[in-house]
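One structure is given below, encoded as structure tokens.
The values are calculated or read from the model by the stated rules, or taken from the named source; none is laboratory data. Just so we're clear, the structure is a prediction, and the values are computed from it rather than from any experiment. No Cβ is skipped: glycine too gets one built from the backbone with ideal geometry, and neighbour counts run over all protein chains shown. Heads up: the accessible areas ignore ligands, DNA and RNA and are worked out on the full protein's heavy atoms, side chains in. Shrake-Rupley method; radii C 1.70, N 1.55, O 1.52, S 1.80 Å.
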Amino acid sequence: MNDLVRDKVRNKDGSLPLWGEILAGGCAGGSQVMFTNPLEIVKIRLQVAGEIAGGPRVSAINVIKDLGIFGLYKGARACFLRDIPFSALYFTSYAHLKKYFADENGHNSPLSLLTAATISGAPAASLVTPADVIKTRLQVVARSGQTTYAGVFDCARKIWAEEGGTAFWKGAGARVCRSSPQFGVTLLTYELLQRYLPVDFGGNQPEGSKTSKSMHLADLPPVNPEHIGGLRLAVATFTGVESKFGLFLPKFRNPIAKVES
């Protein structure tokens, strides 16, 4: 989705404005919520299920049955609030770091791709931690005596009032340790697949994927465009050869002289 939107907002000269990079990343983050939110809520319910000693055994199937289709999208607003700015920051910084780590020909090696993708994940993951905290609070099952939340703004207000501002940044380090290598490997795999298993959807290949071809002398065009295949040199050399050196060959006519005349 990021590459698709980037191709749509390019200028006529092929350049991409900064706002276009941010928009493309944000669209990519928003489009993934419909797939990631159900997985997030099931994951969270399974992770906290063991906190109650002697509680019922919880499985993914049970969570899906209890929540239903619409229940799987509980906390989707907070997920949008997290994933849109994350992807806008991540893909924008990744595109610029790719150029920074590219060689003199603009080509990116697998190591430079992995480095750029991993570094880009650190600020993006840490800066959206407050939205991730709100999303988690909304999706977890509140037990007896715990605070319940009615929505994104209600959750943010209660966290601020009861726990203070530092509560919004809980788990920031863990998010960076998870997201940076995760997206580093993901983007590296994507880039390599685009190189070795290219599928043409009508757009441009990712920047830095093309290897510059070495130039050979034979690939250079002739200095004189009319000097094709050495014809003029050959004509000048072999003119009159039929009567030279005691040879008696059929008369050789100069096609260039004939045309010019």
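Take the residues in segment 15-55 that are open to solvent by 40 Å² or more (accessible area, probe 1.4 Å) and not in a helix (DSSP H, G or I), then tell me which one is modelled with the lowest pLDDT.
The selected residue is Ala53.
Of a type in the set (Gly, Ala, Ser), surrounded by 15 or more Cβ atoms within 10 Å (Cβ to Cβ) and farther than 19 Å from Val33 by Cα - does that describe any residue in segment 131-148?
The answer is no; no qualifying residue exists.
Of the residues in segment 160-185, how many are within 18 Å of Ser126 (Cβ to Cβ) and not in a loop (DSSP other than H, G, I, E, B)?
18
Please work out if Pro123 is under 18 Å from Arg77 (Cβ atoms) and either over 27 Å from the mean Cα position of the chain (by Cα) or assigned to a helix (DSSP H, G or I) (or both).
Considered against the rule, which asks whether it is under 18 Å from Arg77 (Cβ atoms) and either over 27 Å from the mean Cα position of the chain (by Cα) or assigned to a helix (DSSP H, G or I) (or both), Pro123 comes out as no.
Look at Phe80 and say whether it is surrounded by fewer than 14 Cβ atoms within 10 Å (Cβ to Cβ), at pLDDT below 95 and either more than 22 Å from the chain's Cα centre (by Cα) or within 23 Å of Thr186 (Cβ to Cβ) (or both).
no
Can you find a residue in segment 100-118 that is surrounded by fewer than 21 Cβ atoms within 10 Å (Cβ to Cβ), out of contact with any Cys (no Cβ under 7 Å at 6 or more places or on another chain) and farther than 24 Å from Thr189 by Cβ?
yes
Examine segment 18-40 for a residue that is out of contact with any Pro (no Cβ under 7 Å at 6 or more places or on another chain), over 25 Å from Phe168 (Cα atoms) and among the acidic types (Asp, Glu), and state whether such a residue exists.
yes
When you scan segment 189-198, do you find a residue that is at pLDDT 85 or above, open to solvent by less than 80 Å² (accessible area, probe 1.4 Å) and on the phi > 0 side of the Ramachandran plot, even just one?
No, that holds for no residue.
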